[in-house]
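The values are calculated or read from the model by the stated rules, or taken from the named source; none is laboratory data. What you see is a predicted model; the values in this text were computed from it and never measured. All Cβ positions, glycine included, derive from the backbone under ideal geometry; neighbour counts span all protein chains shown. For the accessible areas, the whole protein counts, side chains as well, though only heavy atoms, and no ligand, DNA or RNA atoms are used. Shrake-Rupley method; radii C 1.70, N 1.55, O 1.52, S 1.80 Å.
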Amino acid sequence: MSRVKTIGVLTSGGDAPGMNAAVRGVVRCAVNNGIRVLGFERGYNGLLDNEYREMDKRSVSDIVDRGGTILFTARSKEFGEVEGKKKAIEILKKDGVDALVVLGGDGTFKGAMDMANLSGGEINVIGVPATIDLDIACTEYTIGFDTAINTAMEGVDRIRDTSTSHERCSIVEVMGRNAGYIAAYTGISTGAEEIIIPENNEYGDINKIITRVRIANKKGKKHYIIINAEGIGHSSDMAKMIETMTGIETRATILGHLQRGGSPTCKDRVYASIMGCKAVEVLMDGKKNRLIVYKNGEFTDVDINEGLSEKKVFPQYFIKTAEELESK
Ligand code: F6P
């Protein structure tokens with residue numbers, strides 16, 4: 001087993017609060033073990049331009065509490081092509097990089113995995129799950145999700161105040177791409193009347209929603225909060241329809257990118273730090289092409305090909321709990 005001497009690290013895809021803590025974990029753990037670290041900027045774009053900074057221990061000082069990513073991020077079109085991956089392999093070989101640690105979501109990992117497979121075993125990649133969407137099947141935790149749901153929860157708490165004062169119905173659209181995790185957590189934690197997620201068609205029926213809004217209004221409810229997942233979308237159209245059909249003033253708020261920013265929560269800082277260190281430990285153990293995951297209360301690693309072939313199953317208890325909490 002040859003000793004790892006140089007590693008690269010990059011952040012790719014949508015940023016997520018806690019990415020910096022994970023980069024800090026990678027850098028500190030590597031440097032403390034005599035490993036050189038190159039920080040590639042702007043995700044795979046920076047790799048293709050061979051734009052990196054030497055990362056020493058001081059280069060990651062004072063970032064554990066910062067949102068965003070000091071390495072910048074991007075979604076690279078060029079790396080999506082086979083030619084792009086071939087170019088990246090050559091650059092990594094030329095730079096003497098033994099392994100590349102990538103922070104991001106499914107798309108980032110898929111690119112890394114394809115590159116590793118294409119290199120015929122010459123390039124070793126380690127993925128660290130970082131996305132606010134929590135939509136990676138092989139892990140129960142992704143960096144940034146905890147901060148995003150707390151940000152969304154606070155936003156909805158504020159909207160409820162004004163919604164109650166005006167006796168309105170409010171639709172709040174949260175991020176999550178095609179997954180309903182942010183919506184489910186935000187909805188349950190704020191006592192929302194409705195949670196509309198791609199994983200549950202039943203609740204997306206606008207006619208049924210309109211009926212429920214009417215009934216609630218008749219019963220004297222002073223507000224009606226609907227959390228709508230980005231994967232469903234059309235929040236402004238829904239608001240117009242509800243207002244037209246019920247006569248109740250309705251407003252739509254799309255929380256948008258504010259969910260991706262901000263100082264990471266304690267959990268995101270700690271878990272991201274552990275995952276960053278774990279990525280380096282896995283490399284020092286001589287493992288190849290792994291994803292760092294959190295499963296059954298433990299931080300562990302899985303084969304990247306196997307991890308990415310898993311299908312995420314949305315836990316039914318979210319839907320059941322939301323239904324049980326309804327004030328009928
Ligand atoms: O994957 C994170 C995420 O914030 C999704 O929830 C959302 O669909 C997407 O990224 C937005 O991407 P962009 O910042 O490129 O608009």
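Annotations for the structure displayed:
- Counting only helices (runs of 4 or more DSSP H) that fall entirely inside region 158-272 and contain at least 2 residues that are closer than 30 Å to PHE72 by Cα, the qualifying elements are 181-190.
Conditions tested, residue by residue: (1) open to solvent by 20 Å² or more (accessible area, probe 1.4 Å); (2) away from the ligand (no atom under 16 Å from the Cβ).
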| site | (1), (2) |
| --- | --- |
| ILE126 | no, yes |
| ILE136 | no, no |
| ASP146 | yes, no |
| ASN178 | yes, no |
| ALA183 | no, no |
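- Search result, residues across region 1-25 that are hydrophobic (A, V, I, L, M, F, W, C) and closer than 17 Å to GLY67 by Cα: LEU10, ALA16, MET19, ALA21, ALA22, VAL23
- The residues of region 252-268 that are on the phi < 0 side of the Ramachandran plot and surrounded by fewer than 23 Cβ atoms within 10 Å (Cβ to Cβ), listed by number, are ALA252, THR253, ILE254, LEU255, HIS257, LEU258, ARG260, GLY261, SER263, THR265, CYS266, LYS267.
- Positions within region 285-324 being surrounded by fewer than 15 Cβ atoms within 10 Å (Cβ to Cβ) and touching a Ser or Thr at 6+ places or on another chain (Cβ under 8 Å), in sequence order: LYS295
- Region 83-130, residues that are among the aliphatic types (A, V, I, L, M) and in a helix (DSSP H, G or I): ALA88, ILE89, ILE91, LEU92, ALA112, MET113, MET115, ALA116, LEU118
- Test result for GLU249, within 16 Å of the ligand (Cβ to nearest atom) and either open to solvent by less than 30 Å² (accessible area, probe 1.4 Å) or in contact with a His (Cβ under 8 Å, 6 or more places away or on another chain) (or both): no
- Selected residue [open to solvent by 50 Å² or more (accessible area, probe 1.4 Å), over 18 Å from VAL23 (Cβ atoms), touching a Ser or Thr at 6+ places or on another chain (Cβ under 8 Å) and of a type in the set (D, E, K, R)] from ARG53, ARG75, ARG42, ARG66: ARG75
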